[in-house]
Structures are given as structure tokens and as C-alpha cells.
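The values are calculated or read from the model by the stated rules, or taken from the named source; none is laboratory data. Owing to the predicted nature of the structure, the values given are computational and were not obtained by experimental measurement. Here the Cβ is made from the backbone with ideal geometry for all residues, glycine too, and neighbour counts use every protein chain on show.
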Amino acid sequence: MSMKMMRGNCNRSSSGPSNCARRTSSSSSNFKAARQKVAPPRNKDSLLALIQDIHRLDIHKLREKLEDTETPASLKREIKLEIETRQHDEDDVTSVIVEQAPQRPPAPVKASPYLIDRLYDKRGPERAKALATVITLLNNQELDHDDLKKSYVVTLLYRCLHGLKKGSTKEMQYSLQVIGLLSIIVDCQDKMSEIYREFLAVASTKCCLKKAGTNTAKMLECLGIVTFFGAINAEEAQAAMKVIWDFILNPKSESGSDDVINRKNQSPEILVAAIYAWLFLLTSMEGWRLNQSYWTGAISFFTDLLDNNDDKLVHGAACAALALIFETGSLDKFWNGANDSTLPYSQLRKTVRAMILKKLKGLNMSLHVVIQLEFLRSFLGDEFENYMAKEEKLQSFFEFDPYRNDNVGDELYVPTIEKIMVHIFMPEGRDPQILTAEERKKERVWRTSVRDKAQTLLRAKHRLLSEQLNCFD
């Protein structure tokens, strides 16, 4: 029995090592297979292939490999260099795009159909708000002139004329401003003539002048602006001047009554506004085209203002009127020998000339231009400089270039060197696709060095030339 047990143990013991060996051999082979699956290749050719592949991977894949614990350390170093190089290149490209990309011009501003519809609102306050928005639109530097001319000029004109006839004081004020701005902005002669004809027909009626009230000065200014840009001949200009002149000679009460008030009781501000509106239109006339029957006695009227009116503003307007009349060279059109008998004609010329010299002292331009610019400034207010800068029509009329930089005083130095653009021709570099990250970094540093040296040489040449020119001063 013991022998059997020993044989059984022997059998088990004899078979035990064999099975154990098989198990050990199997686990060893599995471990080697797992190591071969996880571990990266160790030969140089495989590693070089992986390094070349990183140039084809995007930045997200590269970051994933960099975070992978199974990536070899040598490969991680190449990945880090590749990521740094790409980030540096992207920064360079972005800076170049920001510096060299041309700025897109802003989109032109157009009037919306909704805004035009609001001008037909039955409620006066809503129409006044819409007109205020129209004024803001017309003041915009990016206004689309073509769209305005084709679509909205006529509509705006007739809605504003409706506001003058039936609108409130605020709506009337905004309507006058819009009509005047349209005359300045629109460059189509047919449209300008239509604005002139329609507005003159309304402004010359007694009903409109009575209703103007506190807007009387604004009405006179608008009539001057519309006529100045819209009248096509001397007769049309003088027709508007006659309306203003009749108002000056026969002032109406601001309360709207038909009674002609005493000139001494007339508001100086309105009288001054009327005189300057008349003078503004006179600046557009040639002396020989003036109708003598309209303006006979004008000199005696203005001299009477100087003698009998104590207001400084009225005195200034009367002096400007006499000076401009003298400057036209046609005193006989404004002087009536029978009525203006206080001074002979020759003495009158000397007196008016003395007034002119006093009035124009310190001015370096024609009185015509002074009156025109001051009148436009009065009508446009704070937007005067904006319109002079954005409207080619005004720039052409006054021969004004907003981009011209006139030096104040004598020009002491005239530069003989102009700034020029210098092109540096760089040698053709190697294909970055076949370079490693380290080689591309060296290539970039080399090209930067070449450019910096060229710029240094150029600055040195300019400095040397400047020193040589200073020797002759």
C-alpha cells in the first residue's frame, strides 16, 4: 500500500514539473508578446520614421502623443520642439496678417424703408422723431449718396414741406434742417433745382412766414442755403433775395399777426439772420447781373442802421453789407442819388472803402469767402467740420483739400530725402517638410539675422547721408 502511494506520488511528482514548465513557458511567451505590443521599436530606422511622421500630424494629435506615457523620451523631445515651432510660426503669420491686411471700408449707410414710413405717421411727435433720425443719417460720414439720390430725396423733400405747412414748431425746425442738408449733399442739378423751386414757393407765402414764429431765423437761413446751391441763374437767385429783402424792409411780428412792426422793436437776432442770408446770396452774384430796380436804396438802409441802431450784432451785419456791396464793384446798383443825398457819390466810395479796411483788417481772404463760410458754419453748427471733410461738393466749391497739411509760418526746411520702400531679397530656404524642428528653428533664426543686418546697413547709410547734408547747413 505504501508502494502504491509512493508510485502515485511519484506519478504526480513526475508529471508536476512538466506541467509547471509548460505553464511557466506559456506565461513567459505572453509577457514577451505584451512587451512587444506596448514597447516602442528600439531600432533607429523605426524611430526616424516616427519623427518624420510627426510633421504630418495636427497639433491635437501631437499633444495626445506627448501625454501618452508609452511614448519614448526621445520622441517626446521632438514632439515638444515641433509644437513650439508651430506655435511660433502661427504667431508670425498672425502678426503679418494683422499688419499687412488692408482694412475693409465701412459699409455705406442707407435709409431704411421703415424710417421713411414713419414720416407719414399721423402723430406729429413721431414724425418729429423720424426727422431727427434723418438728420443723424445725413450727418453720417458713410452716407450712401447714390441710394439717397435715387430713392429718398423727393420723398424727404415733400414730407418736410408738409411739416412746414402743418407741423409743430419742433417738426418745422427739423424739416428746415433736412431741406438745407439735402441741398448741400445732393449733387444732381435737377434734384437741387426741384428743392429750390418747391421750397421757395412755400417760404415766400405769407402763411409760412407767419407760422415760422421762433423758426423765422432758421427759415431765412434755409432759404439762403437752398437758393445758393439750387438756383441755376441770377434771376432765380435774386427772386429769393427779393423775398428776404422784403422781409428786412417790412418785418413781421413773431406772434404771427399780419401787422408790420416798427424796426426798432424788431428782434436783432432775426434782423441779423435776414441780412446775412441776403449777403450770402449776394456773394454768388456778379455785379453786372444785379437788377438795379430791386436794390436801389440799399446803401442808405444799411447806413441808417449804423446811425440809428445800437445793437453790436446789427452794426456788424450792416458793416459787412456795405463792405460786400463795395466789393461787388457796382455801387450804382445799390445807391440812389436822389434819396442818398447826404453824401456825394465820390465821398460815398471813400466812406465805404474806409469801412471795408476796418472790417477786413487782419483777414487774408476775400469777404465773399468769409461770409460764405460763416453762414454755412451758422447753419451746420457743430457739424460744419464734418461736412467740410466728407462732402466733395463743398470741397470742390471752396477748393478745400481735407488731407492737405499747410505749414504755419515760413517753411524753414525742405526735406531732400523721401521715405521709400526697400525690398530685401532673401535666399531661397530649404523645404520645411524635410527638416526637423531643430533645423527649422535654425533656419528661422538665420533668416531673421539676415533681415536685421540689412536693416542695420540701411539705417547706417541714411545716418551717414544725413550727416553729410548737415555739413552744408
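Scan the range 367-408 residue by residue and report those that are aromatic (F, W, Y) and either at pLDDT below 85 or more than 17 Å from Q177 (Cβ to Cβ) (or both). Those that are aromatic (F, W, Y) and either at pLDDT below 85 or more than 17 Å from Q177 (Cβ to Cβ) (or both): F397, F398, F400, Y403. Scanning the range 316-362 for residues that are at pLDDT 65 or above, farther than 25 Å from I270 by Cβ and part of a loop (DSSP other than H, G, I, E, B) yields G329, S330, W335, N336, P344. The C-beta contact set for the range 221-236 (first residue part of a loop (DSSP other than H, G, I, E, B), second residue of a type in the set (S, T, Y), distance under 7 angstrom, 6+ apart or interchain) comprises A231/Y196; I232/S193. For the range 77-110, how many residues meet the condition of being assigned to a loop (DSSP other than H, G, I, E, B), out of contact with any His (no Cβ under 9 Å at 6 or more places or on another chain) and either exposed (fewer than 13 other Cβ atoms within 10 Å of the Cβ) or at pLDDT below 80 (or both)? The total comes to 7. Close contacts from the range 71-82, counting a first residue that is outside the structural domain of E439 (by TED's automatic domain parsing) and a second that is surrounded by 14 or more Cβ atoms within 10 Å (Cβ to Cβ) and small (G, A, S), with Cβ to Cβ under 8 Å and a gap of 6+ residues or different chains, come to E78/A437; L81/A437; E82/A437.
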